[in-house]
1. Looking at the range 275-311 only, could you name the residues that are among the polar types (S, T, N, Q) and touching a strand residue (DSSP E or B) at 6+ places or on another chain (Cβ under 8 Å)?
2. If ILE281 passes every condition in (1) closer than 21 Å to TYR174 by Cα; (2) in contact (Cβ under 8 Å) with a residue 40 or more places away in the chain but one, which one does it miss?
3. Is it true that ALA296 is at pLDDT 95 or above, assigned to a helix (DSSP H, G or I) and under 27 Å from ALA100 (Cα atoms)?
4. Considering only residues of the range 140-158 that are closer than 18 Å to ASP292 by Cα, out of contact with any Pro (no Cβ under 8 Å at 6 or more places or on another chain) and among the small types (Gly, Ala, Ser), which is surrounded by the fewest Cβ atoms within 10 Å (Cβ to Cβ)?
5. Within the range 159-172, can you find the residues that are in contact with a Leu (Cβ under 9 Å, 6 or more places away or on another chain), surrounded by 20 or more Cβ atoms within 10 Å (Cβ to Cβ) and not hydroxyl-bearing (Ser, Thr, Tyr)?
6. Criterion first (under 17 Å from LEU89 (Cβ atoms) and either at pLDDT below 90 or in a helix (DSSP H, G or I) (or both)) does ILE149 satisfy it?
7. Identify all residues within the range 187-232 that are touching a residue at least 60 places away in the same chain (Cβ under 8 Å), closer than 23 Å to ALA244 by Cα and small (Gly, Ala, Ser); write none if there are none.
Amino acid sequence: MPNWCSWTCFGRTSTPATSPLPSPPSTSVNAASVRVLAEAVSASPADPAAKKPRNWRDLRLRLISAAILAPLGLLCVGLGSWPFVGLVLVGMVGLGSEWAGMLQQPARSLRGIVLLAWPAIACIATLTVGRWNEALLMLLAPLALGPWIGIGSVAIGIGGIGLLWLRFATGSGYDGVLFVILVVWASDTFAYVAGRAIGGPKLAPRISPGKTRSGSLGGLAGAMLVGAVLALLLPSPVGAAASALRGLGFGLLLGIASQAGDLAESAFKRRCGVKDSGRSIPGHGGLLDRFDGLLAAAPLAAMLSLAAPTGQGFWYAGVQAVSPPASPSGPASSVPKD
């Protein structure tokens, strides 16, 4: 029963009697130990060095999706003409649908229809009339719905027109589109492998918590490597060493553009409160999740192609076209087209 000298009730009013028996462990010490342990556990996930790399549970789905989509895409690129145009248009409609879904715009509403179909309509008009400048002006129309709503539609349209320009309006044709697609694919793949295998500090935790600096560097290294290999294998107006250096440099530029597009799409998704843009590609999420980097890299490549010699890839932008020496049979011919 508690008394005036006990530790309960109203607190200690006199010195408690000592006992020859050992006292039990202090509750304050136990509480302090628990508190220190809890702080250590809660602090460890925030430490980038202590966090383990993510697992590989989605690798199988990614490989299956790539095994199906990659041959189909490369086949359409190789065939050119309407197979490639149809692939681009279908992709743009799918991307527009996902963008409208992220913004919660009903497909049957005016805004939903514009976001869904306008980029594809602009591309069809471009291919029919052949005026690329007017197409870029047409793509600005969705901005009338609001900058935030229209920016995605504009990006989708510019990416699609960039691919069509590389395939049909440049001398490199198939080679130019192949260079862009493979370099962006290498950037994504190497970033995925390096990020999962190495882990480490986050690249932009407020935008995309899953991306790491090691993954970013690995992606850029992969883009440079594949760019150099392609530059050596594809037709070149310069020597092998110069081609490899140009492949490294332009692979780096496309890798940076690809990762910038990826981060921009992640920022849009975070603002919309969604994790994935869709579920159309198992292991990858939606079309925007898979092709966000390509939407940024293709327009860059298209602009660079304006400075490339006739018949050469955009990675030779700035190189002066050198005519071969005159032959006895007639004047020198221009650089042959692919």
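The values are calculated or read from the model by the stated rules, or taken from the named source; none is laboratory data. Given the structure is predicted, the values throughout are model-derived calculations rather than measurements. Backbone-built Cβ (ideal geometry, glycine too); neighbour counts: all protein chains shown.
1. SER277
2. Against the list (1) closer than 21 Å to TYR174 by Cα; (2) in contact (Cβ under 8 Å) with a residue 40 or more places away in the chain, ILE281 comes up short only on (1).
3. Here the answer is yes, as ALA296 does meet what is asked.
4. Here the answer is ALA155.
5. Within the range 159-172, GLY159, GLY160, ILE161, GLY162, LEU163, LEU164 qualify.
6. Against the criterion (under 17 Å from LEU89 (Cβ atoms) and either at pLDDT below 90 or in a helix (DSSP H, G or I) (or both)), ILE149 does not qualify.
7. Passing the criteria: SER187, ALA191, GLY227, ALA231.
Each row is one residue, and each column tells you yes or no for (1) buried (at least 16 other Cβ atoms within 10 Å of the Cβ); (2) in a helix (DSSP H, G or I); (3) of a type in the set (Asp, Glu); (4) assigned by TED's automatic domain parsing to the domain that holds VAL85.
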position: VAL177; (1), (2), (3), (4): yes, yes, no, no
position: ILE181; (1), (2), (3), (4): yes, yes, no, no
position: THR189; (1), (2), (3), (4): yes, yes, no, no
position: LEU203; (1), (2), (3), (4): yes, no, no, no
position: LEU220; (1), (2), (3), (4): yes, yes, no, no
position: MET224; (1), (2), (3), (4): yes, yes, no, no
position: ALA228; (1), (2), (3), (4): yes, yes, no, no
position: ALA241; (1), (2), (3), (4): no, yes, no, no
